[in-house]
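Quick notes on the structure that follows.
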């Protein structure tokens, strides 16, 4: 007899991560110092793990606008846009966003996630959606909620996209949907080629500009402005939880399409509207985005500084041309250890592990605010260098040369930086060492490589053992073998040795605790 | 060659509704006077179309809490709960809600809609979900996003539910999902019987308490508290945009289940978290919900007053036992006319038409706040009576007797009031007069009935003609026949006469405008 809840009870990853001290999620922020620094567990850390690109969430003008809206309209609209949840403020924001984005109309929706779900309303049973494989989860879900046919193309692979378009029923309605900036790797979609293909195959184009609105283009209007293709991009989506210092999303395009979505999208008509505070914050942020282009300039300068700073140390920041600066680590456990060391040294960044990236391509994702000071950024770079050397991610001495980053500044039209071999292999899923290292593989390694592997393994095990708490160990009692199965990338021999070492320590800990 | 956007361009309902002056949606609120009255188009109206049940959105303590949170944490968390979007405030709200709801754990999610989508994460390919046909759209979408099998049972039909449970693969994981209070008709799910069936067939139970949390039960904990079945209800969901004066949702249940959802639900991990202001508002609202039971008492007193007030006039408020007070109108066009007349007389209520209800069962949905004054409520009743008589929804003189309403007060265990024949037929979809009235049907009518139909039809047409503006008519030029197809419930003869009348006026209007 099965139970819907079984899968929850049998899920051990959480217990293991907690027990090994390698649990990096849901860190509670206790206080904020201008958004660039926050307090966690009583410690002040530099925040480089936020999407608050322009730093406006702490801007006094934005805060004041939100406060005034609460005073005037209360804390909620208590209903959907369709019925009782529309304020004149919603309409004002929609009108200003339509104007800002050079589109006939715009609709604002309670979250960015639900904004992408709203796409479902215009996709019919006979339509075909062409979707980049690395598109955001909310786009994937929006397409799943429709009855249209989905065709996924390999990330930014225009030949694959063309192939799928050519194979599709010519009479069907078609739309190509893509992130403008991809959130994990920081590269841009190939909008110029997408627009060409769309014209040729009679398809519509939609971009998710969550990470580019407020960031890319001379006026901050996002990917299509950056490429000079606003007219050719039929629908543009943005979120307010990034540059706009709020919570919500916008979809802009032709009046008839937006109006249809307004009345038909289930994530619009069956959900309470954006709060007065969130609407007012987004309105004020939009005003600042338009009035202060120097914030975008500063943000892109920071992006360049950080990419090059990391690269000069020997880190690989991959293909990104934006303020999303991912740092390749590789192994998942090492990535968690890197995160933990950053946390302890006072830097808040996010570990990104499979399935968000390919196995063997775990990375630390950093992202920046226009309001970060150079002192903060230099401190982040220093800490990364120290930890990177300690964990063998970068060499002890800086490389003599590095390839400087290219940044997607207004006036340029680049998609990405050239990926290193390692990065390309990681993105393609070729770095995963499944099933550990065989003796044969070990025999082909240089002694230096073997020593490196040994060092890594011992350090990991020691670190884990040192970090284990009696209480954690008791919880771990259920699943120690599972832990090692999961960490199977370690060579068999070392794994066995490590397990003995670990278990001996573990057992002691458990027993001493049980005597209490 | 098809185009994804064709369906938007060809959609005429909006143009028709606008052209006929019968467009009731997206009414922009320009100012709020303590939430019970709002300003629209420069006019002050009494709000009885909100889900702000306890009136807390305008409570000075709630507003102050939201403002302080903005001051301390800014206007957004700029990221997902999983990564950088968790404040200590989120954890505090979760802990307090778990305690309040008598559950091991709780998770708060950015919107109520996304809270129900999160259900998808615990539904596997081999699970079966039993779902009431009138469940909220977000539950429907949450189930659709999962890979589980869905079995819909007829609204509150426990025999049908049992039949489906008995037919299901015995070894499969099972969960019964139902609204606690159904949002359109205001009746309760048959939780006592659902719980019995769940035990017998080894199924889990989840209730969506969007409209009952803060409202039902002695402590306001919702449907399961009301029925004394909290232990037996495995998962409970609530929204903050109703009694909690905020935007967001909560899911509470066993620790392992909630923890799994926390890490796996796409609507949690891929969406920005609740804003500081929204979290703080919900926290303060929870405190008030716990401390001030008199708000619930007042709300239920108001519900009783309004139900009985309407009933005494001859209106049908159906099966509702809650502060959701639907007023049966029947015909969709008449419902829009009723709404329009309410709006003009200073009452904000919501017309509910197919597909939200069955054809022929259009209704005006009213709902109340604990903070409504008796003077406001009496005025609403007076206005309903005047319009109801004018539009022939109620007789010219009050009926001598009416069946007083039963209200789901603490201590009772009722599901619904007894439906009138008309109401039951409406809910079952038996009121729709598809294809108009035949001559044969007409011949069987009393002369009084025929006169009534004639009067209605002439009044509708006159009213429409009077409300047509030259500009609307120009837009309407594309689709006049479509209008009449849609309004096919009118008898053929009258329809034809009306169409001539209408077209003559319409054509004149258009021509005079074109000369400008």
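Got at least one residue in the stretch A:65-72 being within 27 Å of the chain's Cα centre (by Cα) and within 11 Å of chain B (Cβ to nearest Cβ)? Before the answer, list the steps.
The first filter runs over the stretch A:65-72 and keeps only residues within 27 Å of the chain's Cα centre (by Cα), leaving A:66.
After this cut, where a residue has to be within 11 Å of chain B (Cβ to nearest Cβ) as well, the list is A:66.
Yes, some residue in the stretch A:65-72 is within 27 Å of the chain's Cα centre (by Cα) and within 11 Å of chain B (Cβ to nearest Cβ).
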Counting only residues that are within 8 Å of another protein chain (Cβ to nearest Cβ) and assigned to a helix (DSSP H, G or I), which one in the stretch A:270-284 is nearest to residue A:219 (Cα to Cα)? A:281
Which of the following residues is out of contact with any helix residue (DSSP H, G or I) (no Cβ under 7 Å at 6 or more places or on another chain) and more than 9 Å from every other protein chain (Cβ to nearest Cβ): A:95, A:105? A:95
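Quick one: which residue in B:42, B:49 is surrounded by fewer than 20 Cβ atoms within 10 Å (Cβ to Cβ) and either touching a strand residue (DSSP E or B) at 6+ places or on another chain (Cβ under 9 Å) or under 20 Å from residue A:121 (Cα atoms) (or both)?
Working: B:49 fails: surrounded by fewer than 20 Cβ atoms within 10 Å (Cβ to Cβ).
Result: B:42 is the single residue among B:42, B:49 that is surrounded by fewer than 20 Cβ atoms within 10 Å (Cβ to Cβ) and either touching a strand residue (DSSP E or B) at 6+ places or on another chain (Cβ under 9 Å) or under 20 Å from residue A:121 (Cα atoms) (or both).
Might you let me know whether the stretch A:58-67 holds any residue that is closer than 30 Å to residue A:382 by Cβ, in contact with a helix residue (DSSP H, G or I) (Cβ under 9 Å, 6 or more places away or on another chain) and modelled with pLDDT of 95 or more? Working first, answer last.
Initial filter on the stretch A:58-67 (closer than 30 Å to residue A:382 by Cβ): A:58-59.
Then keep just the ones that are in contact with a helix residue (DSSP H, G or I) (Cβ under 9 Å, 6 or more places away or on another chain); that gives A:58-59.
Checking the rest, the ones that are also modelled with pLDDT of 95 or more come to A:58-59.
Scanning the stretch A:58-67 turns up at least one residue that is closer than 30 Å to residue A:382 by Cβ, in contact with a helix residue (DSSP H, G or I) (Cβ under 9 Å, 6 or more places away or on another chain) and modelled with pLDDT of 95 or more.
Here is a check on your reading of the model: is residue A:388 more than 13 Å from the chain's Cα centre (by Cα) and assigned to a loop (DSSP other than H, G, I, E, B)? Step through it out loud before you land on a result.
Details: more than 13 Å from the chain's Cα centre (by Cα): yes; assigned to a loop (DSSP other than H, G, I, E, B): no.
So residue A:388 does not fit the description; no.
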Filter pass, residue A:46 being more than 9 Å from chain B (Cβ to nearest Cβ) and at pLDDT below 95: no
Condition first: out of contact with any strand residue (DSSP E or B) (no Cβ under 7 Å at 6 or more places or on another chain) and within 22 Å of residue B:277 (Cα to Cα). Now tell me which residues in the stretch A:215-252 satisfy that. A:242, A:243, A:244, A:245, A:246
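Suppose the filter is under 25 Å from residue B:80 (Cα atoms) and not in a helix (DSSP H, G or I); does residue A:328 pass it?
yes
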Selection within the stretch B:1-30 - more than 7 Å from chain A (Cβ to nearest Cβ) and touching a strand residue (DSSP E or B) at 6+ places or on another chain (Cβ under 7 Å): B:24
So residue B:21 fits all but one of (1) at positive phi; (2) at pLDDT 95 or above; what number is the exception? (2)
Residues to consider are B:193, B:266; find the one that is touching a helix residue (DSSP H, G or I) at 6+ places or on another chain (Cβ under 8 Å) and under 17 Å from residue B:139 (Cβ atoms). B:266
Tell me, which helices (runs of 4 or more DSSP H) wholly within the stretch B:179-266 include 1 or more residues that are within 14 Å of chain A (Cβ to nearest Cβ)? B:191-201, B:255-264
Output the residues belonging to the stretch B:144-168 that are touching a strand residue (DSSP E or B) at 6+ places or on another chain (Cβ under 6 Å) and more than 19 Å from residue B:181 (Cα to Cα). B:148, B:149, B:150, B:151, B:160, B:164, B:168
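One line per residue, one yes/no per condition, for (1) crowded, with 19+ Cβ neighbours inside 10 Å; (2) within 23 Å of residue A:425 (Cβ to Cβ):
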| site | (1), (2) |
| --- | --- |
| A:351 | yes, yes |
| A:362 | yes, yes |
| A:379 | no, no |
| A:402 | no, yes |
| A:405 | yes, yes |
| A:411 | no, no |
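Yes/no per residue for (1) part of a loop (DSSP other than H, G, I, E, B); (2) more than 21 Å from residue A:46 (Cβ to Cβ); (3) at pLDDT below 90:
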position	(1), (2), (3)
A:357	yes, yes, yes
A:370	yes, no, no
A:378	no, no, no
A:383	no, no, no
A:392	yes, yes, no
A:402	yes, yes, no
A:407	yes, yes, no
A:410	yes, yes, no
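Would you check which residues across the stretch A:161-178 are out of contact with any helix residue (DSSP H, G or I) (no Cβ under 9 Å at 6 or more places or on another chain) and more than 14 Å from every other protein chain (Cβ to nearest Cβ) and list them?
A:163, A:164, A:167
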Given the condition closer than 22 Å to residue B:284 by Cβ, surrounded by 22 or more Cβ atoms within 10 Å (Cβ to Cβ), in contact (Cβ under 8 Å) with a residue 40 or more places away in the chain and out of contact with any helix residue (DSSP H, G or I) (no Cβ under 6 Å at 6 or more places or on another chain), answer yes or no: does some residue in the stretch B:121-142 qualify? no
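The values are calculated or read from the model by the stated rules, or taken from the named source; none is laboratory data. Note that the coordinates shown come from a computational prediction; the quantities given were computed from them, not determined experimentally. Glycine gets a Cβ as well: all are built from the backbone with ideal geometry, and neighbour counts include every protein chain shown.
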